[in-house]
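*Asks:* Quick one: structure below, then a few questions.
The values are calculated or read from the model by the stated rules, or taken from the named source; none is laboratory data. Computed from a predicted structure; not experimentally measured. Here the Cβ positions follow ideal geometry from the backbone for every residue, glycine too, while neighbour counts run over all protein chains shown.
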Amino acid sequence: MRNTEVSVKSERIIKSTRLWLESVVIALNLCPFAKPRVVQGSIYYCYTETVSEERLFEALADELVRLDTSPDISTTLLIHPAILSDYSEYNQFLGLAEQLLEMSGYAGVYQVVGFHPQFQFADTDKNDVGNYTNRSPYPMLHILREAEVTEAVEQHKNVEKIPQQNSVTLKEHGLEKLKELLANSIEFESS
């Protein structure tokens, strides 16, 4: 693929990811901490075409360095649509990403949260609406600053109620509506 084609594709996928973040995560208030980051413009969207886990680890390591050197970035979404489309393989990679944080001295500094089109919490059915709290249009690694997470949790009145609120919200919308919302952000990318 030529560089201009990659650039156009990456722009569409990043726009699609932004649409998902705004129309699902923020609109449904699945993460009350997301909207201020969007308003501040402190989310960094990183797209990679890599097809190898080794290169994805390198991209993750590069993003950790970017966060180290860019205090104006609160969080990074490392979007990798060409690799780890199988959720079980992706989930294994997440465990290895946590090991990378520990081995690199970043445990307690950053955390990695998984978003995936097939995300599934343990002991749930694949069609459980609760899975949509972490379902995204593409596989991605969400890298957060641990200090900002701690601060946000301390400032939130009822952080322990967020999962319960999400469950109610997602059940109210229903599986078909959630599928539609997710599909709409993917359709945006191809139009």
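*Asks:* Could you please find all residues in the stretch 139-172 being touching a Leu at 6+ places or on another chain (Cβ under 7 Å) and not in a strand (DSSP E or B)?
*Replies:* Hits for the stretch 139-172 are Pro139, Asn166, Thr169, Leu170.
*Asks:* Can I ask one more? Quick one: which of Thr69, Thr75 is modelled with pLDDT of 95 or more, touching a Lys or Arg at 6+ places or on another chain (Cβ under 7 Å) and of a type outside the set (Phe, Trp, Tyr)? Reasoning before the result, please.
*Replies:* Details: Thr69 fails: touching a Lys or Arg at 6+ places or on another chain (Cβ under 7 Å).
Step by step, each of Thr69, Thr75 is checked, and only Thr75 is modelled with pLDDT of 95 or more, touching a Lys or Arg at 6+ places or on another chain (Cβ under 7 Å) and of a type outside the set (Phe, Trp, Tyr).
*Asks:* Identify, by number, the condition in (1) modelled with pLDDT under 95; (2) of a type outside the set (Ser, Thr, Tyr); (3) farther than 28 Å from Asp86 by Cα that Phe121 doesn't meet.
*Replies:* (3)
*Asks:* Sticking with this one: Collect the residues in the stretch 35-63 that are under 22 Å from Glu151 (Cβ atoms) and either surrounded by fewer than 19 Cβ atoms within 10 Å (Cβ to Cβ) or over 15 Å from the mean Cα position of the chain (by Cα) (or both), keeping them in residue-number order.
*Replies:* Lys35, Pro36, Val38, Val39, Gln40, Gly41, Ser42, Ile43, Tyr44
*Asks:* Filter the stretch 116-147 down to residues that are within 19 Å of Leu67 (Cα to Cα) and surrounded by 15 or more Cβ atoms within 10 Å (Cβ to Cβ), then give me how many there are.
*Replies:* 6
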